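All remarks here apply to the structure that follows.
The values are calculated or read from the model by the stated rules, or taken from the named source; none is laboratory data. What you see is a predicted model; the values in this text were computed from it and never measured. Glycine gets a Cβ as well: all are built from the backbone with ideal geometry, and neighbour counts include every protein chain shown. Quick note on the areas: whole protein, heavy atoms, side chains included, nothing else; ligands and nucleic acids left out. Shrake-Rupley method; radii C 1.70, N 1.55, O 1.52, S 1.80 Å.
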Amino acid sequence: MAVEDLEWQERYGDQTYKKQSLAAIWITFLALHTTVSVVLPTMFVYLVVQMHSRTLMLGYSLAATCIGELCAGPAFNYWYDKRPAKEPVVAGLLICAGGSLLYALSPHPTAVLLSRFLVGCGCGVQGVLWTMIGGFTNKHNRLSVIGSTRMLRVLGYILGAGLAALASYAHEAPAPFDQM
């Protein structure tokens with residue numbers, strides 16, 4: 001058994017906690033990136049055709065996601081330094097879900113900008129998740145775990161676009177999806 005595993009077992013006990021935590025982190029990454037990408041195929045039609053806004057608003061809404069992540073990332077990391085990891089991760093998921101709900105209900109392009117900013121803020125928790133992965137792995141399995149995590153991020157982007165395509169074919173699809 002590796003020294004890191006012995007230290008972990010001495011500090012936290014059973015190794016199943018580590019495996020369950022990694023599974024939860026992977027599910028969180030998948031959910032975050034699916035949430036980000038599910039609206040991308042429909043955003044242009046939603047903003048330009050339905051809301052009659054300028055095409056420049058599409059760029060603003062995509063940038064709002066990145067700016068939200070940029071602003072919230074350090075706050076989540078600071079929170080993780082002071083409190084247990086569960087708190088910032090759950091808060092990030094709730095903020096991301098709230099931003100997605102606001103996007104679905106947004107009647108105005110400014111609300112779309114705010115919703116994308118909130119989704120970006122929720123995705124700011126990724127730094128906490130990467131730090132947790134570094135703590136849960138040892139030097140022998142870290143590369144495979146990080147590779148699996150990156151694969152799940154890409155799968156989340158693909159899954160989000162696929163869900164958007166499926167929703168666009170549904171009868172009387174919600175507002176962002178009915179003009180795809």
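Candidates L159, M51, G147 compared by Cα position along the dipole of the chain: farthest toward the positive end lies G147, with charges placed on Cβ. Surface composition of the chain: carbon plus sulfur atoms contribute 67% of the solvent-accessible area (1.4 Å probe, protein chains only, all chains present).
Rolled with a 1.4 Å probe across the full set of protein chains, the surface gives R142 an accessible area near 90 Å². Entry for the stretch 57-110 at q = 0.15, 0.21, 0.30 Å⁻¹: log10 I(q)/I(0) = -0.52, -0.85, -1.19, Debye formula applied to identical alpha-carbon scatterers, no solvent contribution.
Let me know the charge dipole size of the stretch 43-180 about its Cα centre in debye, to the nearest 20, where only the beta-carbon of Lys, Arg (+1) and Asp, Glu (-1) is charged.
500
Looking at (1) 11.0; (2) 12.7; (3) 12.0, which value of mean projected area of the Cα convex hull in nm² comes from a calculation on the structure shown? Of the listed options (1) 11.0; (2) 12.7; (3) 12.0, (1) comes from this structure.
Averaged per residue, the chain has 56 square angstrom of accessible surface, using a 1.4 angstrom probe with ligands and nucleic acids left out.
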